[in-house]
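Every number in this text was worked out from the coordinates using simple rules, so none of it is lab data. Keep in mind that this is a model prediction, so the values were computed, not measured. For neighbour counting, all protein chains shown are included, and Cβ atoms are generated from backbone atoms with ideal geometry for every residue, glycine included.
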Amino acid sequence: MSTNTAYYIPHKATWPVIGTAGLMTMLAGFANYLNGSSIGPTMMVIGLLIFIVMLVGWFTLQAKESESGMYNHGVGISYRMGMMWFIFSEIIFFAVFFGTLWYTRNLSVPWLGEGATKEILHSAYQATWPTNGPGNVGGHYEPMGAWGLPFLNTLLLLTSGVTCTWAHHGLLANNRDQLIKGLAATVLLGFLFVTFQAIEYHEAYTEMGLTLGSGIYGSTFFMLTGFHGFHVCVGAIILSVVLFRSAKGHFKPENHFAFEAAAWYWHFVDVVWLGLFIFVYLM
Amino acid sequence: MSAAVAEHDDHDDHHHDDHDHGPAKGLLRWIITTNHKDIGTLYLLFALAMFFVGGSMAMVIRAELFEPGLQFVDPAFFNSMTTMHALVMVFGAVMPAFVGLANWQIPLMIGAADMALPRMNNMSFWMLVAGVLLLASTLFMEGGAPNGGWTLYPPLVLQPITVGKALPFAIFSVHLLGISSIMGAINIIATILNMRAPAMRLMDMPLFVWTWLITAFLLIAVMPVFAGAVTMLLTDKFFHTSFFNAAGGGDPVLYEHIFWFFGHPEVYIMILPTFGVASTIIPVFARKPLFGYASMVWATASIAFLSFIVWAHHMFTVGMPIAGELYFMYATMIIAVPTGVKVFNWTATMWKGAMTFETPMLFSIAFVVLFTMGGFTGLMMAIAPSDFQYHDTYFIVAHFHYTLVPASIFILMAAGYFWLPKWTGHMYNEKIGQLHFWLSAISVNILFFPQHFLGLAGMPRRIPDYAIQFADWNMISSIGGFIFGASQLLFLYIVYDTIKGGTGEKVTDEVWEDAAKHGLEWTLPSPVPYHTWSTPPAAVPTEHVLDTH
């Protein structure tokens, strides 16, 4: 076997087409569901199951190949570049929603409250933030404050960043105990974050009248925090897999791309939250 | 300057390895392949098929516009055709065709054994197919395919009559196409930066590789923007959000800003690889190094950078503050500078060259001339006050078709003629190739040039009927369209014929005279073996970068 010195190039791949079929079934099902078709939910579940099978299968394969030393340094660089640019694309995706928030708060909402637009269309409208627009879309609501659960969640995520780095130091020093404890703490904090966010959402919907339909404030609030929450879930699941693999004895101080990728992703999610806390909650 | 002295990867190489390197048997080969040449072929054939699907839609449009009045199709279907023609051509034909070329050529040109992430490469192709399938499925739905224009502007696209049941399918199709493009782009960046032969420095890379590196960056930077925009359309339609609804404090113009922040780089995603192929072909047939290699690289990077800061020139008439109009007007005009550098360099490359005019060169020269024309009309529209007159008329239709059909499409044809002999080992039929070129080059001008006049006279786009004074030029344009459409069948024949053996003439490794001075791929055997560059070449050709050393 000379495979670990040469750049490993697989010669066939069955998981990609299976994953694509799963994702396509899931999305077609979702589209059918939105159109009111009764087969929609079934298709979504089937597609999701196929997709999950693909994820498990593909990542198991990758882990096996990695552990058997099939990936040389060059493969590691390609994977790191892949992860870096993937995170870059995710940053851009979030930037769209941050941009939307910036544009509405600083440009389009003030425009609604000035000049002919205000005089002719809705003279009673006060163009201040937060707003659900001149149409009072979604009815009365209370804006979400920053200092309750959101602040607690900020502390949780920041702490999880520290535990994640602590786990990494453990891995580098071949201290498996520290690695596993650090990862477990990170995963725990991540899921705790999601739980608190669920409580926050529940409060918003049941007690504050704040919903996705509460005009532009509700739209930006729930889309930004919702997509972030989804990414926290994904990140915590990735970290759980890394924890599981660590418990099985995977990763070496010089070879642990999966850990690094998961950690990068986690820090990305962390930084996005800081942006959210400042621009959505505080300002 | 030395031509490439590269080790040929011979067919027997794979016996040294414990893996089976040959292609899998039967149809399954094409489904599970991770080979960059197989995937390149899949992309190219898929793009060619979509070119004819999108082309058929264009034929429907031109047939309906042959005479004033409603002839063949109802107006909603006509608008579906304009919408779907654009989406299919942009996302199904032009972009995948260039990704196909990237898959085939980049590893050959940089001395890499394959793409950096072969499994993901397979997935990005199938995601493309899945996305196009979702999009095409809307044609058969109650209410028909989307007909609010390919830009999917709200509030129009959120009205039941413009989308029927199609909207969520179109949106998820965009998501899948976006995932496909991002995966493809990541792969291309990793391949270029990580798999290059050690002997090849960045400033030795062929222009095609450079333009794709920059294009890949653009793709990763803007596809998520489009995904975000359509996601907001989805939630506005189905989940009560108010992003584009002024009553809730949102703004429909916001969609246009986001869309064009994606859309403007998107048009360069289709044109930068075009520039790259032109810069590869012209030097070979002018038998000279490319003029101004370094300036070509910098011009490409400048165009890419500028593409992010000019988007609102697509929406001068939407109602922007005057400072915005002025800024976007001047910023847009700056793009003419790096573009001018490129046109100058191509011309200077041909200057005093020992030129021959094989089909790929003919298409490339036509590209330089006709793309420049499309560029000039672009400058006319960059002038905000003039744009108020041309906006949403046939003038803009003529403009962007000049930059896409006799530019991107012509260069894709040129690339086909240029590299097919290398890929298949067979020579195409030059007579039919030249016939294809002359028919295309003449008919494309009959097709699109009159649309300038129609636009200046005020004929709006995306309308199935028109006032009587537009009749003559429309008929001429349609006749040009039918000839252009029919001529492309020649290309289909040539591709088929060349794969099947072409003229029967066995091509040399270089295929074109002294081509090995210009690129590594010409030092490999013809046809290119299934696996190449398992050991990277020791030296790389540098003639194309002569002036920088």
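What to note about this one:
- 10 Å binning of all Cα-Cα separations within chain B, expressed as whole percents from 0 upward: 4, 18, 29, 28, 15, 6, 1, 0
- Net charge, A:Gln62 excluded, C-beta distance under 11 Å - Lys, Arg +1, Asp, Glu -1: +1
- Seen through its C-alpha gyration tensor, with square-root eigenvalues sorted a ≥ b ≥ c, the protein assembly as shown comes out oblate because a/c lies at 1.5 or above while a/b is not bigger than b/c.
- For region B:267-278, 3J(HN,Hα) computed residue by residue from phi via the Karplus equation (6.51, -1.76, 1.60; θ = phi - 60°) reads 5, 6, 4, 7, 9, 4, x, 4, 4, x, 5, 4 Hz, glycine and proline entered as x.
- Comparing A:Ala198, A:Ala173, A:Ala21 in a Gaussian network model of chain A (Cα springs below 10 Å), the most mobile by mean-square fluctuation is A:Ala21.
- Potential lengthening between B:Gln389 and B:Arg201 on full extension [0.36 nm per residue; Cα-Cα distance subtracted]: 62.8 nm
- Using alpha-carbon coordinates, inclination of helix A:40-67 to the longest axis of chain A, degrees: 40 degrees
- The ranking of A:Phe88, B:Phe418 by Cβ neighbour count inside 10 Å, starting from the fewest, reads A:Phe88, B:Phe418.
- Residue order, fewest to most beta carbons within 10 Å, for B:Tyr390, B:Tyr330, B:Tyr402: B:Tyr330, B:Tyr390, B:Tyr402
- Members of A:Lys64/B:Lys37; A:Lys12/B:Lys431; A:Lys248/B:Lys25; A:Lys12/B:Lys288; B:Lys25/B:Lys517; A:Lys12/A:Lys248 lying beyond 30 Å, as alpha-carbon distances in this model show: A:Lys12/B:Lys431; A:Lys248/B:Lys25; A:Lys12/B:Lys288; B:Lys25/B:Lys517
- As a proxy for reagent exposure, ranking A:Trp166, A:Trp266 by other Cβ atoms within 10 Å from fewest up yields A:Trp166, A:Trp266.
- Taking amide H positions as modeled 1.01 Å from N, with prolines and chain starts lacking one, no residue 5 or more places away or on another chain lies under 5 Å from B:Ala145.
- Residue of A:Gly229, A:Gly135, A:Gly76 that the Gaussian network model of chain A assigns the largest fluctuation, springs spanning Cα pairs under 10 Å: A:Gly135
- Packing, as the average of other Cβ atoms within 10 Å across residues, places the peptides B:520-527, B:71-78, A:78-85 in the order B:520-527, A:78-85, B:71-78, highest first.
- Charge context of B:Gly164, other residues only, Cβ under 13 angstrom, K/R +1, D/E -1: +1
- C-alpha long axis of helix A:15-34 to longest principal axis of chain A, angle in °: 20 degrees
- Note on A:Glu119 and A:Thr14: with the Förster distance fixed at 51 Å, the Cβ-Cβ geometry gives a FRET efficiency of about 0.20.
- Cβ-Cβ FRET estimate between A:Asn174 and B:Ile468, R0 fixed at 60 Å, reported to 0.05: 0.10
- Degrees, to the nearest 10: B:336-350 long Cα axis against longest axis of chain B: 40 degrees
- Peptide B:225-236 - average C-beta neighbours from other chains (10 Å radius): 4
- Kirkwood-Stokes translational diffusion coefficient of region A:73-282, alpha-carbon pairs, 4 °C, 1.567 mPa s, µm²/s: 68 µm²/s
- Per-residue shielding of B:113-126, expressed as the average number of other chain Cβ atoms within 10 Å of the residue Cβ, stands at 6.
- Cα→Cβ-extended label distance, 7 Å offset, between A:Phe151 and A:Cys233, nm: 2.9 nm
- FRET efficiency estimate (nearest 0.05) - Cβ-Cβ, B:Val369 to B:Val337, R0 25 angstrom: 0.80
- 3J(HN,Hα) from dihedral phi, region B:501-506, Karplus parametrisation 6.51/-1.76/1.60, rounded to Hz, x for glycine, proline: x, x, 7, x, 6, 7
- Each Lys or Arg adds one and each Asp or Glu takes one away; over the other residues whose Cβ falls under 13 Å from the Cβ of B:Gly143, this sums to -1.
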